[in-house]
1. Taking R98, is it in contact with a Cys (Cβ under 9 Å, 6 or more places away or on another chain) and among the charged types (D, E, K, R)?
2. Tell me which residues, restricted to the range 35-93, are open to solvent by 60 Å² or more (accessible area, probe 1.4 Å), without any contact (Cβ under 8 Å) to a residue 24 or more places away in the chain and either of a type in the set (A, V, I, L, M, F, W, C) or part of a loop (DSSP other than H, G, I, E, B) (or both).
3. Go through the range 57-91 and give me each residue that's modelled with pLDDT under 95, within 30 Å of I114 (Cα to Cα) and not basic (K, R).
4. May I ask you to list the residues in the range 75-111 that are of a type in the set (S, T, Y) and over 12 Å from Y21 (Cα atoms)?
5. Is the range 125-133 home to any residue that is in a loop (DSSP other than H, G, I, E, B), on the phi < 0 side of the Ramachandran plot, free of Cβ contacts under 8 Å to residues at least 40 places away in the same chain and among the polar types (S, T, N, Q)?
Amino acid sequence: MGIRGNPLYPRTTLHSLGGIYAGASMYALSGMDDPGKLMGLAPYGRAGLYDFEIFDLREGRAFVNYDWMKEFRRPTRSYEEFKANFQYYADFAYWVQREIERALLNVINHRYEIAPSDNLAYSGGVALNAVANRRILRETKFRDIYMQPLPVTTDWRSVARITVGWRSCRRNGCGTMDQRSSARSTRHRPS
């Protein structure tokens, strides 16, 4: 059932965006072998189903609100279960993706306030989230971003996923989950 009897309780550092994303991946996809699939599942989800926030955003930091976890007691245990409850897990993935984006933008915008620069470099598993990275380009004052590739693994599938995802974002505009957000078209786009 997970730590403290809860399938979503992070097995990593407390108040970690990556820890929440990893826990959500375990919950919805029954495994840690590919947390990037949660980002791929999110567009199939629906907005407005959950009215609580994963993170308490204060002073440029993201603190995990652990009380929401008790609402999710149905981790997928098999592919058949995932297929039978696809919309439930897609809705969950959508919500988690939006919350990760909200927290990440808060932290990154605060970093700009305390240390303005055109350049941003960051790493970790969340840094490979192409949808969140697109929002960073569009919705922050940073003009150039660099994400450390392969922060955890040198697996060829990770390289392919990152490459395909980034190229697709560059080619197709990789809109955010919320298509109503406006983009600044004068931004420099990494090649």
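The values are calculated or read from the model by the stated rules, or taken from the named source; none is laboratory data. In this text, all values refer to a predicted model and were calculated from it rather than measured experimentally. Backbone-built Cβ (ideal geometry, glycine too); neighbour counts: all protein chains shown. Only protein heavy atoms, including side chains, enter the accessible area calculation; ligands, DNA and RNA are left aside. Shrake-Rupley method; radii C 1.70, N 1.55, O 1.52, S 1.80 Å.
1. No; evaluated as a whole, the condition is false for this residue.
2. G48, D51, R74, A84 - these are the residues of the range 35-93 that are open to solvent by 60 Å² or more (accessible area, probe 1.4 Å), without any contact (Cβ under 8 Å) to a residue 24 or more places away in the chain and either of a type in the set (A, V, I, L, M, F, W, C) or part of a loop (DSSP other than H, G, I, E, B) (or both).
3. Listed by number, the residues that qualify are E59, G60, A62, F63, V64, N65, Y66.
4. Within the range 75-111, the subset of a type in the set (S, T, Y) is 76, 78-79, 88-89, 94.
Residues satisfying the conditions are T76, S78, Y79, Y88, Y89.
5. Step one: list which residues in the range 125-133 are in a loop (DSSP other than H, G, I, E, B), which gives 129.
Those still in the list that are on the phi < 0 side of the Ramachandran plot too: 129.
The next check asks that each one be free of Cβ contacts under 8 Å to residues at least 40 places away in the same chain; those that pass are none.
No, there is no match, as no residue in the range 125-133 is in a loop (DSSP other than H, G, I, E, B), on the phi < 0 side of the Ramachandran plot, free of Cβ contacts under 8 Å to residues at least 40 places away in the same chain and among the polar types (S, T, N, Q).
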